[in-house]
Amino acid sequence: MPRRETLARVDADLAAGRIPVARQRLRGLVSSFPYDLTLRRRLAEVYRLYGDAAEAGRWMYLEEDRTPDETAAFESRYGSPARRMKALAWRGPEALAATPFAERQLAALRTACATDLGHPVDWDDPTTYRAAPDDAHEEPPSGPWTLAGALAGIGCLLGALAFLAVWVVGVVALYD
């Protein structure tokens, strides 16, 4: 589907309140056109509707008029330069960036990642900036256990044991 038609559908989805569908369409467009900063900006606007500052900061990272709070939230969620490189979903050399600011941002991030990992990295080869095993997951580790979480886990375990007991009783009754 052409970009213009997809953007028209995004507008229609947003007008109809179908924000998740609009978000998915925009994510697809950014994947297909990673150099188009206007698509990244539109995706950031959709994430603002969700109240997700980190994702809005992710998609505004290459814009000079980005907000410091969103940028800080993005950098916090994607703690290492390698995770930020992966999150930006950029392909190709920094020279393809639409603005000098975006080009500098990409080059600075690539340089920081190379310094952090101790070897050259390339936007086109994600294996060069694959981080250490502790950075392999997309989401940061969760906090300590809570009482509610522990009770939910115990409840699931008891439910599974009850199901197993009923199943065993049924099999035994079948052969009696």
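Observations, loosely collected:
- Charge tally around V46: other residues with Cβ under 14 Å, Lys/Arg +1 each, Asp/Glu -1 each, net +4.
- Per residue, the chain exposes an accessible area of 61 Å² to a 1.4 Å probe, with every protein chain left in place.
- Using a probe radius of 1.4 angstrom, the carbon and sulfur fraction of the accessible surface of the chain is 62%.
- Given the choices (i) 17.3; (ii) 19.2; (iii) 16.2, Kirkwood radius over Cα pairs in Å derived from the coordinates of this structure is entry (ii).
The values are calculated or read from the model by the stated rules, or taken from the named source; none is laboratory data. Predicted model, so just to flag it, every value in this text is computed and none were measured. Heads up, the Cβs are rebuilt from the backbone with ideal geometry, glycines too, and the neighbour counts pull from every protein chain shown. Ligands, DNA and RNA are stripped out before the accessible areas are found, and what is left, the full protein with its side chains, is counted by its heavy atoms. Shrake-Rupley method; radii C 1.70, N 1.55, O 1.52, S 1.80 Å.
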